[in-house]
1. Using a Förster distance of 30 Å, how high is the FRET efficiency between ALA342 and GLU186, based on the Cβ-Cβ distance and rounded to 0.05?
2. Which one of HIS78, MET312, PHE383 has its Cα pushed farthest toward the positive end of the charge dipole of the chain, where Lys and Arg give +1 and Asp and Glu give -1 at the Cβ?
3. Return the calculated 222 nm mean residue ellipticity for the chain, to the nearest 500 deg cm²/dmol, obtained by summing -39500 (n - 2.57) across DSSP H runs with n ≥ 4 and dividing by the residue count.
4. Rounded to the nearest 0.05, what FRET efficiency is calculated for ARG407 and ASP237 with R0 set to 35 Å and r the Cβ-Cβ distance?
5. Using unit Cβ charges (K, R positive; D, E negative) and no other charged atoms, how large, in debye to the nearest 20, is the dipole of the chain about its Cα centre?
6. For q = 0.11, 0.16, 0.17, 0.18 Å⁻¹, what log10 I(q)/I(0) does the stretch 139-277 give under the Debye formula with an equal point scatterer on each alpha carbon and no solvent?
7. Starting at the first residue of the stretch 351-356, write each ³J(HN,Hα) from the Karplus equation 6.51 cos²θ - 1.76 cosθ + 1.60 with θ = phi - 60°, in whole Hz, x for Gly and Pro.
8. Quote the relative contact order of the chain in percent (integer), defining contacts as alpha-carbon pairs under 8 Å separated by 6+ residues.
Amino acid sequence: MLSSADLDFDRRHIWHPYTSVIDPLPVYPVARTEGVYIELSDGRKLVDGMSSWWCAQHGYNHPELLAAAHKQLDTMPHIMFGGITHEPAVRLCQSLKTMLPENLDCIFLADSGSVAVEVSLKMALQYWHARGEARSKFLTVERGYHGDTFGAMSVCDPVNSMHNLYRRFLPEHIFVPAPQSRFNGEWQPNDITAFQTALSQHRNDIAAVILEPVVQGAGGMRVYHPEYLRQVRALCDEYGVLLILDEIATGFGRTGKLFACEHAAIQPDIMCIGKALTGGMMTLSATAATRHVAETVCGGEAGVFMHGPTFMGNPLACAVAEANMQILKRNEWQAQVVAIEAHFQTALTPLAVHENVADVRIIGAVGVVETRRPVNMAAMQQFFVQQGVWIRPFGRLVYLMPPYIIRPHELQRLTDAVNAAVQKTELFQ
Ligand SMILES: *Cc1c(COP(=O)(O)O)cnc(C)c1O
């Protein structure tokens, strides 16, 4: 149990995500988790609306994931992957091969989403190097998010990720405006024009296009028309440029398809996955490539792909991820996500006309209420905790992405809380 002295220690000495050590926002001590509940150390139980940032898709402490972890922990928690292989990694990759787009043939295991993105960028660079072409640029859209390491950050939205802070160190890539056509709206044919122009202008410099398919997550929770992706795929083929899809947030059912690229019926040349890969139990990510990309990379000067994380293929994480794949293969997630989406349509769509609300966006088990004014983080967070829910807004976004196992009355508590919060002017800046 954390004392108030411990919490003072936390305030003084421990950085939380995107926070100040001078004036940190309050943090809520959590004692345990179970299913869709987060229990604070004062005993209050909150319904989880965040899945710990896209991860805990089947809820916390899932018995099958716990069992896989316990079993692996007693046998072999970790072993180096250089010159060694093991059942958890092989079983996981066998499962992934049946679940990923079928053209993706070679899998690189890494330890976080950002690293998976770095790996994808390095694969694209090595691919062109091996082909004797000096291509060093990536083409992407504004409002994207791909992680916080330098390579990943260089393809994040330049404003949101404050590229000016790292100028002269950060590589400069090519950005076009984010897609405007809405997911369920009408496709506006000129939406692709800027992308096509940039691709044709820089065709000999661009190593790859990198995008989050259909849902732009941390860069603004935007949901765009799958036709954009279809045309991106066609243009990449036409101009001979690789396509990297970052499915780290969207992967494993969150948008109603196992992978969001299925909304557009396309396949990337390289795909990044992470977040829900272990069902939220621990960190693990992967980058999958076509055999053509993989063999070209390895046929180049280095003769290998130049990356090898210390904890690559960590058996504990792989065993849990494989147990998670077994849960996903039972396909219960599909009906669960459909039910969550239907509830969001009923409960959140009407908020769109409220004076404090700018927009409501829903796809699969993701519900987003964009407000007109930025939220007062500390005040709104406290309000949600008082309502018995865990919802973490940011900027002008109040959004829900609950564990798929959430039941109707729990979901109702989340949407009731969002409904109540947007009415309260004092919760906004
Ligand atoms: C979260 C996220 C990442 C980064 O993953 P980390 O595990 O936080 O490094 C990359 N891309 C997308 C789309 C993400 O949502």
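1. Working: r = 23 Å, r/R0 = 0.76.
Given R0 = 30 Å and the Cβ-Cβ separation, E is 0.85.
2. It is PHE383.
3. Working: 13 runs with 152 residues, N = 429.
Computed ellipticity for the chain at 222 nm equals -11000 deg cm²/dmol.
4. On the way: r = 44 Å, r/R0 = 1.27.
My answer for the efficiency is 0.20.
5. Values: 34 positive and 42 negative charges, 57 e Å.
With only Lys, Arg, Asp and Glu charged at Cβ, the dipole is about 280 debye.
6. For the stretch 139-277 at q = 0.11, 0.16, 0.17, 0.18 Å⁻¹, log10 I(q)/I(0) is -0.36, -0.79, -0.90, -1.02.
7. 5, 4, 8, 5, 5, 7
8. Here the relative contact order equals 22 percent.
Read the figures in this text as sums done on the coordinates, not as results from a lab. Quick caveat: nothing in here was measured; it's all calculated off a predicted structure. Backbone-built Cβ (ideal geometry, glycine too); neighbour counts: all protein chains shown.
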